[in-house]
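The values are calculated or read from the model by the stated rules, or taken from the named source; none is laboratory data. What you see is a predicted model; the values in this text were computed from it and never measured. So basically every Cβ, Gly included, is an ideal-geometry build from the backbone, and we count neighbours across all protein chains shown.
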Amino acid sequence: PINLRGRSLLTLKDFTPEEIKYLLELSKDLKAKKRMGIKGDLLKGKNIVLLFEKTSTRTRCAFEVAAFDEGANVTFLTNSQMGKKESIEDTARVLGRFYDGIEFRGFKQETVEILAKYSGVPVWNGLTDEDHPTQVLADFLTIMENFEKPLNKIKFVYVGDGRNNMANALMIGASKMGMDFVIISPKELFPSKELISEMETTANENGGKITITDKLDAVANADVIYTDVWISMGEESKVEERIKLLKPYQVNMDLIKKTNNPEVIFLHCLPSFHDTKTDMGYDIYQKYGLTEMEVTDEVFQSKYSKVFDEAENRMHTIKAVMVATLVG
Ligand code: CP
Ligand code: NVA
């Protein structure tokens, strides 16, 4: 029997396919429970702290609502002493005395690792420069809701910045679940060789495969097309370079048609620049003749797009992570 009590979620690398499946099934149950209007108390008496170095809408709200739904108390902390007047180690030791669980969003993966090592309580990675494991759980739940076939029969194609946290996190999750996983990106933005070879081993063990290519033709027969922003948080100085590299990799209706699959779905972790005229666009986009960035508004608003189901699923999957690791 699977019991995740006391475990941290720093990266899905640390979880077996069975444990990931367990979290997804629990998410489904908790979603159904919420839909039936049943108020829970699975996290009653628990105190949770949410540490944020970067901005957030979905992750912060998902943790808060998930905690409240099951009776936990939450502290949202953005202006702590950590990394300024106090080491990450000491911060971890203090927070571990107060709280039953710690969520962290920020820059370095090393920070979540140190928090987990020194706090003595479960730590959840709410996004770092390298990884975004809770997002992947929401993405996989959304896929399960849209296809009859199991995850290991899904062809998943990520298009865009192949080196960012989402590309990494999806490669890890897809390898665990034995998917046919493809990254289409310019060569300059291919994932790191180390991660590819590590995940190729994982994919082999689980009956999946990984393809990294700069050819858009690789979208053929995709079940899922996924993209993310071209400029991630903390990379604001790279706008021009990224636009030049990624302009040919925009997800538009031509690309959707190229899949030759009428059942294909479009996913995006959000936030998204699908309409820079109405969004908080950078003027610089206009210089390159772009009013839409990584995905066109037409695709974003289309019947293929499941992005708001996916966003909602952040809450149900994060709830499952907290219940599984705090209660078991
Ligand atoms: N997808 C996601 O992590 O969104 P936020 O940045 O709004 O938390
Ligand atoms: N790659 C994006 C994901 C946001 C959820 C970023 O890091 O900004």
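Please find, within region 90-114, the residue that is nearest to the chain's Cα centre (by Cα) out of those that are within 16 Å of ligand 2 (Cβ to nearest atom) and among the charged types (D, E, K, R). Residue satisfying both the conditions and the ranking: R105.
Can you find even one residue in region 236-258 that is closer than 25 Å to K28 by Cα, more than 16 Å from ligand 2 (Cβ to nearest atom), over 19 Å from the mean Cα position of the chain (by Cα) and in contact (Cβ under 8 Å) with a residue 12 or more places away in the chain? Within region 236-258, not a single residue is closer than 25 Å to K28 by Cα, more than 16 Å from ligand 2 (Cβ to nearest atom), over 19 Å from the mean Cα position of the chain (by Cα) and in contact (Cβ under 8 Å) with a residue 12 or more places away in the chain. Taking the listed residues I196, I212, the one that is within 25 Å of L246 (Cβ to Cβ) and assigned to a strand (DSSP E or B) is I212, with no other qualifying.
Among the residues of region 115-145, not one is away from ligand 2 (no atom under 14 Å from the Cβ), of a type in the set (S, T, N, Q) and assigned to a loop (DSSP other than H, G, I, E, B). Inspect region 268-283 for any residue being at pLDDT 95 or above, within 19 Å of T142 (Cβ to Cβ), more than 16 Å from ligand 2 (Cβ to nearest atom) and surrounded by 14 or more Cβ atoms within 10 Å (Cβ to Cβ) and give the result as yes or no. No; the residues of region 268-283 include none that is at pLDDT 95 or above, within 19 Å of T142 (Cβ to Cβ), more than 16 Å from ligand 2 (Cβ to nearest atom) and surrounded by 14 or more Cβ atoms within 10 Å (Cβ to Cβ). Per this entry, E110 is not counted among residues that are surrounded by fewer than 21 Cβ atoms within 10 Å (Cβ to Cβ) and not in a helix (DSSP H, G or I). Taking helices (runs of 4 or more DSSP H) as the structural unit, those lying wholly within region 226-328 and holding at least 3 residues that are within 16 Å of ligand 1 (Cβ to nearest atom) and within 23 Å of E148 (Cβ to Cβ) correspond to 307-326. Which is part of a helix (DSSP H, G or I), within 16 Å of ligand 1 (Cβ to nearest atom), of a type in the set (G, A, S) and closer than 21 Å to D131 by Cβ, of A92, A62? After ruling out the rest, the residue left standing is A62. A single member of F68, F76, F15, F52 is within 16 Å of ligand 2 (Cβ to nearest atom) and surrounded by 13 or more Cβ atoms within 10 Å (Cβ to Cβ), and it is F52. Exactly one condition in (1) part of a helix (DSSP H, G or I); (2) without any contact (Cβ under 8 Å) to a residue 40 or more places away in the chain is not met by G71; state its number. It is condition (1) that G71 fails.
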